[in-house]
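The values are calculated or read from the model by the stated rules, or taken from the named source; none is laboratory data. Fair warning: this is a prediction, and the values are worked out from it, not measured in the lab. With ideal geometry, Cβ positions are generated from the backbone for all residues, glycine too; neighbour counts draw on all protein chains shown. What goes into the accessible areas is simple: the full protein's heavy atoms, side chains included, and nothing from ligands, DNA or RNA. Shrake-Rupley method; radii C 1.70, N 1.55, O 1.52, S 1.80 Å.
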Amino acid sequence: MKPFARVFPLLLAFPLVAQKPASPATDSWQRLSFLQGTWAGSTSSVGSSGGKVTGTYTFTPELGNHILARHTISIEGCKGPATFDCDHSDLLYLYQDAPGQSLKAIFFDNEGHVIHYDVSTPSPTSAVFLSDASQPGPQFRLTYELKDAVMWGKFQMRMPGQSEWKSYLEWSGPKK
C-alpha cells in the first residue's frame, strides 16, 4: 500500500504539469493578437534626419508563450545622409510581471537605448506603449493601429515640461 500512497499524489499533479501555458492569443494577451505576424513597414521620413526606410518586422510569441516579441527581420531599403544609421536594429519584448497584472514592454536597440513601457489597448485594433514621465529626459510613446489591413505605427517623444508629442518616426504597411 505504501508504493501506491507515494505514487497517488503524483498522479493527481500530472494533469497540472501536462497543461500547456496560455498563449498570447488567449486571456490578457488577446488584446494584442492583432499585432501578431510579419508586417511590411515603410517610412516617408525619419525624424529630422531625412532618412527613409523600408523593411519588415514581426511580432511572435516566445519563451513558452510568456512574452510577445517584436523583431526587425530586414531593412530592405534605407536612404539618408551619411550620418543616418541604416544598420539600426532593435528588440521589443511585451510581458506581464504576473498573471492578471498590466502588460509592460521593454525596448532595446543597437545604440544602447533602453525604454520601459506600460502597455494599454484603447481599442481592439490599437496598442499604446507609454514610458514613465517621472524618469529623467523625454517621455516616449509608441503606438500601433490596424486600419483596413494596414498596420500604422508612430514613435513619438515629449520633452519635460511640454504637453505636445512630436513624431520621430511614422510607418505603415500590410501584413505579409
Based on the inverse mean of 1/r over its pairs of different Cα atoms, what is the Kirkwood hydrodynamic radius of segment 66-163, in Å? 15.2 Å
With a 1.4 Å probe and all protein chains kept in place, how much accessible area does residue 42 have, in Å² rounded to the nearest 10? 50 Å²
GluC sites (Glu not before Pro) restricted to DSSP loop in segment 87-169 with at most 10 other C-beta within 10 Å: 111, 164
Segment 110-176 accessible area per residue, 1.4 Å probe, protein heavy atoms, integer Å², reads 62 Å²
Taking the Cα centre of each part, how many Å lie between segment 115-140 and segment 67-95? 19 Å
How large is the accessible surface of residue 104 in square angstrom, using a 1.4 angstrom probe and rounding to the nearest 10? 50 Å²
Starting from the Cα coordinates of segment 129-176, work out the convex hull volume and express it per residue in Å³. 75 Å³
